[in-house]
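K.L.:
Pasting a structure below so you can have a look.
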Amino acid sequence: MHKYTIGEIMDIACRAGKIILENGGEIYRVEDTMLYVCKAFGISDCECYATPTTIIISVIDAHGEVFSRMMRIRERGVNLLKVEAVNNFSRKILQEPITVAEAKQKLREIENIPTYNLPTIVLAVALGTASFAIILGGNWLHFICGFVTGALLRLVIIYLNRIQLGFFTVNLFGGVGAALGGWLLMHLGILPEWRVITLSTVMQLVPGLIFTNALRDAAAGDLVSAISRGTEAFSIVTALACGAGATLMVLGWLGGM
């Protein structure tokens, strides 16, 4: 197989894995997908290794020559539609072979799948926050207040992410915003206490998917990824707790609680 062809196949495999990692997929799924892509294009002697921030692939051709490729993952989010699309793509090309050019085009189409627009995202988060307010023992007034505070906090988080402050700082301010929202509603006399609104609002930032993937990676033996994702989840929770806790402490010192 020509060197350039091997390089193209490795590039397709890495890009497929990158899309999965950037959108909340598991480590085992990334590695399996890359192996499926290589197998679909006739490469059988292939090893893949992935962590939440790096993808490495190594291929040995028929002459024993080794080819390697590494790709860094700098952004991570959640878009399971893209994960599913790449997963289906890698399995389908095993049964229905396509050309390298067609594979690249298909991956570009998956990368360009539009995300939900801003109003839809804010509405979904607001409804989720309001629902948590009911689950945590609130009434319909808490539901309405949770809807408002959840939407406002999501707008703040979207802005902070756009100016690239880093996930720890963003979640730190998220905790501050959740605590301030609950306190302000209590201070204005709208609600009798702050706890339900603060807790329900901060739930939108709790790293549930990251923690679940960390457990899944640990169970699969991907210990480096499990520790990495577990540390990330712990850091986010710490940032939320520090932001909310510090805000409530300061308000308490000022006599506002």
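K.L.:
Could you count how many residues in segment 144-155 are within 16 Å of Val206 (Cα to Cα) and surrounded by fewer than 19 Cβ atoms within 10 Å (Cβ to Cβ)?
P.N.:
Adding up the residues that qualify gives 0.
K.L.:
Check Phe67 against each of (1) within 16 Å of Lys92 (Cα to Cα); (2) touching a Lys or Arg at 6+ places or on another chain (Cβ under 8 Å) and name the one condition it does not meet.
P.N.:
For Phe67, the failing item is (1).
K.L.:
Can you confirm whether Ile197 is among the aliphatic types (A, V, I, L, M), farther than 30 Å from Ile27 by Cα and either out of contact with any Gly (no Cβ under 8 Å at 6 or more places or on another chain) or not assigned by TED's automatic domain parsing to the domain that holds Glu232 (or both)? Give the derivation first.
P.N.:
Values: among the aliphatic types (A, V, I, L, M): yes; farther than 30 Å from Ile27 by Cα: yes; either out of contact with any Gly (no Cβ under 8 Å at 6 or more places or on another chain) or not assigned by TED's automatic domain parsing to the domain that holds Glu232 (or both): no.
It is false that Ile197 is among the aliphatic types (A, V, I, L, M), farther than 30 Å from Ile27 by Cα and either out of contact with any Gly (no Cβ under 8 Å at 6 or more places or on another chain) or not assigned by TED's automatic domain parsing to the domain that holds Glu232 (or both).
K.L.:
Would you say Gly181 is small (Gly, Ala, Ser), over 21 Å from Gly128 (Cβ atoms), in the same structural domain as Gly243 (by TED's automatic domain parsing) and at pLDDT below 95?
P.N.:
Working: small (Gly, Ala, Ser): yes; over 21 Å from Gly128 (Cβ atoms): no; in the same structural domain as Gly243 (by TED's automatic domain parsing): yes; at pLDDT below 95: yes.
No, not satisfied.
K.L.:
Mind listing whichever residues of segment 105-128 are basic (Lys, Arg) and surrounded by 15 or more Cβ atoms within 10 Å (Cβ to Cβ)? Step through it out loud before you land on a result.
P.N.:
Narrowing segment 105-128 to residues basic (Lys, Arg): 106, 108.
Selection gives Lys106 alone.
K.L.:
Still on this structure, I have one more. Does Gly230 meet the test of being in contact (Cβ under 8 Å) with a residue 12 or more places away in the chain and outside the structural domain of Val78 (by TED's automatic domain parsing)? Break it down into steps so the answer makes sense when it comes.
P.N.:
Numbers: in contact (Cβ under 8 Å) with a residue 12 or more places away in the chain: yes; outside the structural domain of Val78 (by TED's automatic domain parsing): yes.
Answer is yes for this residue.
K.L.:
Could I ask something else about it? Residue by residue through segment 51-85, note down the ones that are within 21 Å of Ala214 (Cβ to Cβ), more than 16 Å from the chain's Cα centre (by Cα) and in contact (Cβ under 8 Å) with a residue 24 or more places away in the chain.
P.N.:
The one that is within 21 Å of Ala214 (Cβ to Cβ), more than 16 Å from the chain's Cα centre (by Cα) and in contact (Cβ under 8 Å) with a residue 24 or more places away in the chain: Ile55.
K.L.:
Additional query: Kindly indicate whether any position in segment 69-84 is closer than 25 Å to Ala218 by Cα, loosely packed, with under 14 Cβ neighbours inside 10 Å, hydrophobic (A, V, I, L, M, F, W, C) and touching a strand residue (DSSP E or B) at 6+ places or on another chain (Cβ under 8 Å).
P.N.:
Scanning segment 69-84, I find at least one residue that is closer than 25 Å to Ala218 by Cα, loosely packed, with under 14 Cβ neighbours inside 10 Å, hydrophobic (A, V, I, L, M, F, W, C) and touching a strand residue (DSSP E or B) at 6+ places or on another chain (Cβ under 8 Å), so the answer is yes.
K.L.:
While we're on this one: So if I check each of Gly138, Gly208, which one is touching a Ser or Thr at 6+ places or on another chain (Cβ under 8 Å) and at pLDDT below 90?
P.N.:
Result of the check over Gly138, Gly208: Gly138.
K.L.:
If you scan segment 133-143, which residues turn out to be under 26 Å from Gly77 (Cβ atoms) and surrounded by 16 or more Cβ atoms within 10 Å (Cβ to Cβ)?
P.N.:
Here is the first cut: in segment 133-143, the ones under 26 Å from Gly77 (Cβ atoms) are 133, 135.
Passing the criteria: only Ala133.
The values are calculated or read from the model by the stated rules, or taken from the named source; none is laboratory data. Bear in mind the structure is a predicted one, so any value in this text is a computation, not a measurement. Cβ: placed from backbone, ideal geometry, glycine included. Neighbour counts: every protein chain shown.
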